[in-house]
Amino acid sequence: GATHLDWGNPPLSAATGVVLSRMNRILDYRPEDLYVTVQPGCSLASLQGRLAEQNQFLPLDPYITEESTVGGLIAVNAYGPMRMQYGRWRDHILGMRVVTAAGSPTCCGGKVVKNVSGYDLPKFYTGSLGWLGIFSEFHLKTSPVPEYYQSGLFTASDFATVQQLGQSILNQGLQPLSMVLCGMDYLHRSLSEQQPAAPWGMILAFAGHQKTVRWQW
């Protein structure tokens with residue numbers, strides 16, 4: 001999708017380009033087994049739309065556009081605040097196919113969670129910025145959509161107070177979906193709102209069973 005070309009060291013020149021935009025299909029989806037097989041040119045937005053039909057999703061929330069593809073996002077290992085509960089790309093890749101620079105197709109992992117033979121090469125390829133080969137196929141682990149979600153914004157006059165709140169939440173053994181520390185000036189400017197009274201804030205979210213989420217909140 002060419003949405004992360006500014007990540008890593010850009011090539012000084014290129015005589016040949018490999019475009020994977022036509023490798024954009026969902027090859028296999030087994031909602032009962034919680035896995036999906038997808039090609040690298042498939043956009044994350046369209047994949048999430050297909051999974052939503054079965055009340056499932058890929059629990060990763062990087063900043064994306066409609067052109068952001070699964071292959072490109074795995075190549076740069078892009079993720080968002082939900083990493084706190086669900087982890088990163090490498091935690092959701094069961095297996096993948098890669099074509100090396102020599103043109104040799106390789107396969108690592110598989111379609112099942114209990115595939116533990118050999119080295120965990122998907123973790124090695126994730127975030128490699130395309131240096132180690134061309135991705136051609138992924139087996140990804142899906143998750144059920146949480147039944148309940150609750151979020152809010154807490155503000156304070158100094159950074160230490162917000163930081164201590166976040167540490168206290170973790171020390172109590174609570175399991176937030178995400179915690180994002182932010183400068184309120186930037187947040188309000190991005191939302192085109194008036195200048196906030198407090199300069200620091202934390203966006204806190206919980207997700208899961210309704211009773212559990214409300215108790216933690």
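The values are calculated or read from the model by the stated rules, or taken from the named source; none is laboratory data. Remember, predicted model here, so these are calculated numbers, not experimental data. Here the Cβ is made from the backbone with ideal geometry for all residues, glycine too, and neighbour counts use every protein chain on show. Ligands, DNA and RNA are excluded from the accessible area calculation, which covers all protein heavy atoms including side chains. Shrake-Rupley method; radii C 1.70, N 1.55, O 1.52, S 1.80 Å.
Mind jotting down a quarter of the surface of the convex hull over the alpha carbons of segment 17-135, in square nanometres, one decimal?
On the way: hull surface 30.8 nm².
Averaged projected area of segment 17-135's Cα convex hull equals 7.7 nm².
Of the accessible area of the chain, with the probe set at 1.4 angstrom, what percent is carbon plus sulfur? Spell out each step's value before the answer.
Values: 7000 of 13160 Å².
After summing per-atom areas, the C and S share lands at 53 percent.
So, for segment 75-217, what is the accessible surface per residue at a probe of 1.4 Å, expressed in square angstrom? Display every interim value, and only then the final one.
On the way: 8650 Å² over 143 residues.
Heavy-atom accessible area per residue stands at 60 Å².
From the square roots a ≥ b ≥ c of the eigenvalues of the alpha-carbon gyration tensor of the chain, which class results: rounded (a/c under 1.5), prolate (a/b over b/c), or oblate? Don't skip to the answer; put the middle values down first.
Working: a/c = 2.19, a/b = 1.55, b/c = 1.41.
Prolate shape, in that a/c is at least 1.5 and a/b is the bigger ratio.
For the peptides 57-66, 40-49, what is the packing order when you average, over each peptide's residues, the other Cβ atoms within 10 Å and list the highest mean first? If you can, show how the numbers build up before the last one.
Values: 57-66: 16.8, 40-49: 18.7.
Listed from highest to lowest mean packing, they are 40-49, 57-66.
State in Å² the accessible area per residue of segment 17-60; use a 1.4 Å probe, count heavy atoms of protein chains only, and round to the nearest integer. Write down the numbers at each step before the final one.
Numbers: 2310 Å² over 44 residues.
Result: 52 Å² of accessible area for each residue.
In deg cm²/dmol, rounded to 500, what helix-only [θ] at 222 nm does the chain give when every DSSP H run of at least 4 residues adds -39500 (n - 2.57) and the total is split over its residues?
Working: 7 runs with 52 residues, N = 217.
Dividing the helical sum by the residues of the chain leaves -6000 deg cm²/dmol.
LYS111: which lysines have alpha carbons under 23 Å from its alpha carbon, excluding same-chain residues fewer than 8 sequence positions away?
List returned: LYS123, LYS141.
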